[in-house]
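Here the structure comes first, spelled out in structure tokens, and everything after it is commentary.
The values are calculated or read from the model by the stated rules, or taken from the named source; none is laboratory data. Predicted model only: the values in this text are computed from it and were never measured. Reconstructed Cβ throughout: ideal geometry from the backbone, glycine too, with neighbour counts over all protein chains shown. For accessibility, only protein heavy atoms count, side chains too; no ligands or nucleic acids. Shrake-Rupley method; radii C 1.70, N 1.55, O 1.52, S 1.80 Å.
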Amino acid sequence: MLYRLILQNYKSFRDRTEFSMIPSSDSIHVAFKNSLIPVLRDAAIYGPNASGKSNLIKALNFIQSFVLDNSVLENHRNDAFKFDKDYLSAPSAFVIEIKVANILYQYGFVVSFMTSIVVKEWLSYYDSTSRKWIKVFVADDKLELNGDVYPSNRQRVLIYNEDNSKNQNLLLLTVLSDKALKEDVLKTSVQHVFQWVKELVILFPNSVYNLMGAVAHDIDAVNQLYKKYFKAFGIDIDKIELSNIAVESLHLPTGLISDMKQTLKKDERGKLIMLHTPKDDYLVSLNDLGEIQASKVGFLHNDDHTGILLSKSEESDGTNRLMDLIPLLGMAIKKNRVVVIDEINRSLHSALTHQFIKVFFQQTSDSSESQLIFSTHDILLLDSGMFGKKEIWFLDKRDGVSSLYPLDKFKLPADMKDIGQN
């Protein structure tokens, strides 16, 4: 679970900015209420256009992308604050505090986008007995190791670090995540943090995130998931159907077909590619002869007499958006995932957005480790009584600088007293 995100000198966030999921005493959407480190289950981020809402979420996305693929930094554009030349060449800082397996970790790194190097990196865990942060490692000009917490791996880490010392765009966390380490605090800490980052789910307005790729493997299970939530959202789709079509009818470039064939031959997770076009979605796979085959995805509606099959382009924008959101909701409810959605209300009526969030609260318990974090323009949610004040954040931008504030920092007028109340 995410407890805190701290960043500095990234895009429109020039100054140190802290986004916290730590609840106040009157918060109700709280996980682990009676523990030493409770945490909010949700957060809504508001702000006008170009205020920095997407940039805040992009900071999390950069952390994930860089941890999973260290080459990202070398190929990355300079995303430091651009409206002050001194900041453009200054380092940028990213810190997350997360809870995994009942252990609170702080992981952070400082990078220079200008020179594509990692300036500093560190990993710590919180000791609930001493109530202090215990460093696992700190890497900057030299590597500081806490030999007390992982004596069995100390020499290995020194060797790995020396092997990679000439490549200054590598993260030690990423390097160690792929190494054979002995069981100790170091291995556990690295695995926990790396896996959390890997499983973080982020959806942007133009992202396509759905379970269609699983349809060909278990269409009944996928239909069961979608039908359950379509009913909750008042959508009359009965099920998803696949129709075999000739690949030639798609009029795909020869190079694309060749690339897909090579990708499918290498893919060990089911040999499927989801092909999205403006009009339709297709599942592409290899047949027994190793040739490309395709199936068109359709949505069956019942009208009391006979089924009506519609393509993606014939469905409303709201229904198509729900196609992306429903798997995330199911994942959050069943698999303890942190789900971050930029512009959750895009193409959705306010009532559907409200229902989506309501279902999340109803179907996740206070002991669930799932969180829903989203940005939105839907001000009707503010007056719904759904959120506590600590769960609502506002962004403002002045002179190109984004500033982030929780609602509980403001003194509300008397006629707004119900906004953000539990």
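Could you do me a favour and compute the accessible area per residue for the range 230-355, 1.4 Å probe, result in Å²?
53 Å²
Can you work out the accessible area per residue across the range 1-112, with the rest of the protein chains kept in place, probe 1.4 Å, in square angstrom?
38 Å²
Applying a 10 Å radius around every beta-carbon, put 237-249, 84-96, 321-333 in order of their mean neighbour count, most first.
Result, highest mean Cβ count within 10 Å first: 321-333, 84-96, 237-249.
If you average the sequence gap of Cα pairs under 8 Å that are 6 or more apart and divide by the length of the range 104-213, what percent do you get for the contact order?
Computed value for the range 104-213: 19 percent relative contact order.
Can you work out D for the chain in µm² s⁻¹ from Stokes-Einstein, where Rh is the Kirkwood radius over C-alpha pairs, the temperature is 37 °C and the viscosity is 0.692 mPa s?
Estimated via Stokes-Einstein, D reaches 138 µm²/s.
Taking 0.36 nm per residue of sequence separation and subtracting the Cα-Cα distance, how much length would be gained by fully extending the chain between Lys335 and Thr129, in nm to one decimal?
71.2 nm
Would you mind counting up the charge near Lys335? Only other residues with Cβ under 14 Å from its Cβ, with Lys and Arg at +1 and Asp and Glu at -1.
Combined, the nearby Lys, Arg, Asp and Glu give +1.
Tell me whether the range 30-131 comes out rounded, prolate or oblate; compute the Cα gyration tensor, take square roots of the eigenvalues as a ≥ b ≥ c, and use a/c under 1.5 as the rounded threshold.
Oblate, since a/c reaches 1.5 and b/c is not below a/b.
So for the chain, averaging the separation of alpha carbon pairs under 8 Å that are six or more residues apart and normalising by length, what relative contact order in percent results?
20 percent
Could you give the Stokes-Einstein D for the range 235-387 in µm² per second, using the C-alpha Kirkwood radius, 10 °C, 1.306 mPa s?
Rounded, D is 87 µm²/s.
Under a 1.4 angstrom probe, counting protein chains only, how are Thr188, Thr319 ranked by accessible area, largest first?
Thr188, Thr319
If I ignore ligands, DNA and RNA and count only protein heavy atoms, how much of Trp133 is accessible to a 1.4 Å probe, in Å² to the nearest 10?
For Trp133, solvent-accessible area is about 90 Å².
What residues from the range 164-204 fall in the zone where the backbone N is under 16 Å from a label point 7 Å along the Cα-to-C-beta line of Ser116?
Within reach of a label on Ser116, which here means backbone N under 16 Å from a point 7 Å along Cα→Cβ, the range 164-204 contributes 166-171.
In square angstrom, rounded to the nearest 10, how much accessible surface does Ile273 have for a 1.4 Å probe?
30 Å²
How large is the helix-only mean residue ellipticity at 222 nm for the chain, computed as the sum of -39500 (n - 2.57) over DSSP H runs with n ≥ 4, divided by its residue count, in deg cm²/dmol to the nearest 500?
-8500 deg cm²/dmol
When the accessible area of the range 9-114 is computed with all protein chains present and a 1.4 Å probe, what percentage of it is carbon and sulfur?
50 percent
I'd like the FRET efficiency for Ile257 and Asp280, computed as 1/(1 + (r/R0)^6) with the beta carbon distance as r and R0 of 25 Å, rounded to 0.05.
0.90
How large is the convex hull of the C-alpha atoms of the range 240-299 per residue, in Å³?
91 Å³
Once you order the gyration tensor axes a ≥ b ≥ c over the Cα atoms, which shape class does the range 278-346 get: rounded for a/c under 1.5, otherwise prolate or oblate by comparing a/b with b/c?
oblate
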